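J.: Pasting in a structure now, in structure tokens, and then I'll have a few things to ask.
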Amino acid sequence: MDSLTIPATGRTPGVSFDFAGGHLRMTGESYPDVVAGFFGPVFDALRGYLAHPDGGAIRFDMELLYFNSSSAKALMNIFQMLETVAKAGRPVTLTWCVEENDESMRELGEDFAEDLRHVVFRMREIPSGGSP
């Protein structure tokens, strides 16, 4: 499996998982009508990728501008999968991109970071209304 690409919609994030390059990225907003329907294939692809112990370093760029509580649970599941492989020795870096002056998203990132012991967590500020 080389990649998983899901285009963003008004309610679902864009997913760009370049498994061959070890670069995972989610962008946009996440409040799908059926959370399991959207995230199910994402979980399956990520589990398949992480099951290969010979994989290299992983870089995950989280560039969500908004997500609802159901999406937050799904994101935590993703982060827990990454934490598991990081604990086993695979280098994982999670970059949480937050728009300048968006204290709510900054605090959410900090909350997620508290649960990550082995994943390297970085906060990155981006201009409001723009991409990094």
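J.: So, in the stretch 18-71, how many residues would count as being β-branched (Val, Ile, Thr) and closer than 22 Å to Ile126 by Cα?
T.: 2
J.: Got at least one residue in the stretch 32-51 being surrounded by fewer than 17 Cβ atoms within 10 Å (Cβ to Cβ), among the small types (Gly, Ala, Ser) and within 15 Å of the chain's Cα centre (by Cα)?
T.: Yes, the stretch 32-51 contains a residue that is surrounded by fewer than 17 Cβ atoms within 10 Å (Cβ to Cβ), among the small types (Gly, Ala, Ser) and within 15 Å of the chain's Cα centre (by Cα).
For (1) touching a strand residue (DSSP E or B) at 6+ places or on another chain (Cβ under 6 Å); (2) not in a helix (DSSP H, G or I), each residue gets a yes or a no:
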{"site": "Phe38", "(1), (2)": "no, no"}
{"site": "Phe43", "(1), (2)": "no, no"}
{"site": "Gly55", "(1), (2)": "no, yes"}
{"site": "Tyr66", "(1), (2)": "yes, yes"}
{"site": "Leu75", "(1), (2)": "no, no"}
{"site": "Thr84", "(1), (2)": "no, no"}
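J.: Moving to a separate point now. Mind listing whichever residues of the stretch 56-73 are surrounded by fewer than 20 Cβ atoms within 10 Å (Cβ to Cβ) and of a type in the set (A, V, I, L, M, F, W, C)?
T.: Ala57, Leu65, Ala72
J.: Additional query: Looking only at residues that are small (Gly, Ala, Ser) and open to solvent by less than 40 Å² (accessible area, probe 1.4 Å) in the stretch 78-132, which one is farthest from Val42 (Cα to Cα)?
T.: Residue satisfying both the conditions and the ranking: Gly130.
The values are calculated or read from the model by the stated rules, or taken from the named source; none is laboratory data. The shown structure was predicted, so the numbers you read here are calculated from the model rather than taken from an experiment. Cβ sites come from the backbone with ideal geometry, for glycine too, and all protein chains shown count toward neighbours. For accessibility, only protein heavy atoms count, side chains too; no ligands or nucleic acids. Shrake-Rupley method; radii C 1.70, N 1.55, O 1.52, S 1.80 Å.
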